[in-house]
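Reviewing the structure listed below.
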Amino acid sequence: MNIRMPAEWERQDGVLLAWPHQDSDWEQHLDVVEPVFQRLATEISRFERVIIVAPDVERVRTQLARTDADMTRIRLYTIQTNDTWSRDFGAITVLRDGAPVLLDFGFNGWGLKFAAHYDNQVNQALAKDGAFGSIPLEIPGLILEGGSLESDGCGTLLTTAECLLNPNRNPHLSRPEIETRLKALLGFNHFLWLENGYLAGDDTDSHIDTLARLCPDDTIVYVTCDDPVDEHFEALKKMEAELQTFRTRDGAPYRLLPLPWPRAAYDEDGERLPATYANFLVINGAVLVPTYEDARDEQALQVIAEAFPGREIIGVNCLPLILQHGSLHCVTMQFPEGVLP
């Protein structure tokens with residue numbers, strides 16, 4: 001059987017969003033974060049469908065009615081959630097001999113840091129409500145988040161040891177055992193493990209989608225820090241050196257495109273927030289890129305345009321999202337073509 005996890009830049013049916021609400025950690029910031037979700041739903045609906053889960057869908061419908069969102073492409077499901085990080089509890093799609101299967105991995109709040117009992121039921125609730133039609137939804141029995149996986153669609157996995165080998169996820173599995181499981185479940189047979197790199201304020205134990213991303217034509221875009229006094233400088237230099245040693249399955253070096261380093265952002269308590277340009281979302285015909293009202297936003301957009309020629313590059317102000325220590329890719333999960341009825 002041929003098993004593979006599609007690359008994000010392959011054709012998609014739609015994207016999952018979990019709307020922020022007053023019973024989530026967004027309670028104090030709804031006025032600034034809901035407009036971000038409105039913008040995401042509007043932009044995504046220009047290109048494909050949007051699946052939105054929320055405890056109060058009428059509130060969402062009222063908000064979207066005031067936007068330019070294509071409501072014919074938006075589907076609303078009344079489902080309770082703990083939070084908004086769809087990337088990490090949303091179902092991961094694999095293709096088995098070309099047929100899609102949804103995998104409902106366990107999500108434990110990034111190592112039991114946060115409650116996730118509602119989030120863990122979202123995929124089953126969507127399936128029960130017919131969101132996936134007849135596509136099977138399976139429970140593999142592994143703690144795994146979408147933000148920790150970067151696939152090129154051809155069997156290559158880019159990931160971080162800090163996350164996948166963290167004892168707060170699957171402490172009973174060694175690195176070889178995890179590779180065996182990921183090969184059997186997701187079809188990976190070429191593993192690129194980053195041992196360095198982190199972002200202060202990141203609750204995920206260094207998800208790869210905050211640091212480095214696989215792109216078409218054996219390209220990797222990655223965050224860099226050019227400030228020698230910044231706490232990230234040394235770790236990200238080591239990460240860059242690691243990336244330079246990585247080789248494709250054909251033995252060639254990757255084309256590496258460095259992303260700029262935005263100025264440091266802090267919350268009201270002085271805690272550093274994980275602003276990163278690597279947390280972009282690829283959709284049909286476009287790439288949605290987080291921006292931070294920063295002088296280097298435009299440079300970041302140019303780098304991602306170089307990695308994804310022919311796609312519309314759309315900047316989305318994500319300063320509100322990083323208030324809860326995530327960004328644009330973290331709040332989305334794409335469904336490849338063939339998943340949504």
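The values are calculated or read from the model by the stated rules, or taken from the named source; none is laboratory data. Everything numeric here is computed off the predicted structure, so don't read it as measured data. When we count neighbours, we look across all protein chains shown, and the Cβ atoms used for this are built from the backbone with ideal geometry, even at glycine.
Residues are listed down the side, and each one gets a yes or a no for (1) within 23 Å of Leu194 (Cβ to Cβ); (2) crowded, with 21+ Cβ neighbours inside 10 Å:
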residue: Thr67; (1), (2): no, no
residue: Arg75; (1), (2): no, no
residue: Asp83; (1), (2): no, yes
residue: His117; (1), (2): no, no
residue: Ala125; (1), (2): no, no
residue: Gly153; (1), (2): yes, no
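Results for (1) touching a strand residue (DSSP E or B) at 6+ places or on another chain (Cβ under 9 Å); (2) surrounded by fewer than 17 Cβ atoms within 10 Å (Cβ to Cβ); (3) among the aromatic types (Phe, Trp, Tyr); (4) part of a strand (DSSP E or B), shown as yes or no for each residue.
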site: Lys237; (1), (2), (3), (4): no, yes, no, no
site: Pro262; (1), (2), (3), (4): yes, no, no, no
site: Asp269; (1), (2), (3), (4): no, yes, no, no
site: Thr276; (1), (2), (3), (4): yes, no, no, no
site: Leu288; (1), (2), (3), (4): yes, no, no, yes
site: Asp294; (1), (2), (3), (4): yes, no, no, no
site: Gln299; (1), (2), (3), (4): yes, yes, no, no
site: Glu306; (1), (2), (3), (4): yes, yes, no, no
site: Pro309; (1), (2), (3), (4): no, yes, no, no
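Can you tell which of His29, His117 is more than 29 Å from Glu337 (Cβ to Cβ) and either touching a Cys at 6+ places or on another chain (Cβ under 7 Å) or assigned to a loop (DSSP other than H, G, I, E, B) (or both)?
Values: His29 fails: either touching a Cys at 6+ places or on another chain (Cβ under 7 Å) or assigned to a loop (DSSP other than H, G, I, E, B) (or both).
Going through His29, His117 in turn, just one is more than 29 Å from Glu337 (Cβ to Cβ) and either touching a Cys at 6+ places or on another chain (Cβ under 7 Å) or assigned to a loop (DSSP other than H, G, I, E, B) (or both): His117.
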Open item on the list: I'd like the full set of residues that are acidic (Asp, Glu), part of a helix (DSSP H, G or I) and farther than 29 Å from Thr204 by Cα, limited to the range 48-100.
Closed with: Glu58
- [ ] Run down Asp267, Asp202, Asp227 and say which single residue is at pLDDT below 95 and in contact with a helix residue (DSSP H, G or I) (Cβ under 8 Å, 6 or more places away or on another chain).
- [x] Asp267
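Looking only at the range 136-169, which residues are in a loop (DSSP other than H, G, I, E, B) and touching a Leu at 6+ places or on another chain (Cβ under 6 Å)? Give the steps one after another, and end with the answer.
Here is the first cut: in the range 136-169, the ones in a loop (DSSP other than H, G, I, E, B) are 136, 139-142, 144-145, 149, 152-155, 165-169.
Across the range 136-169, the qualifying residues are Pro140, Asp152.
From the list Ala116, Ala125, Ala131, which one is in contact with a Gly (Cβ under 8 Å, 6 or more places away or on another chain) and at pLDDT 95 or above? Spell out the reasoning first.
Values: Ala125 fails: in contact with a Gly (Cβ under 8 Å, 6 or more places away or on another chain); Ala131 fails: in contact with a Gly (Cβ under 8 Å, 6 or more places away or on another chain).
None of the other options fit; the residue is Ala116.
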- [ ] Check off (1) assigned to a loop (DSSP other than H, G, I, E, B); (2) touching a residue at least 40 places away in the same chain (Cβ under 8 Å); (3) of a type in the set (A, V, I, L, M) for Val229 and give me the number that stays unchecked.
- [x] (2)
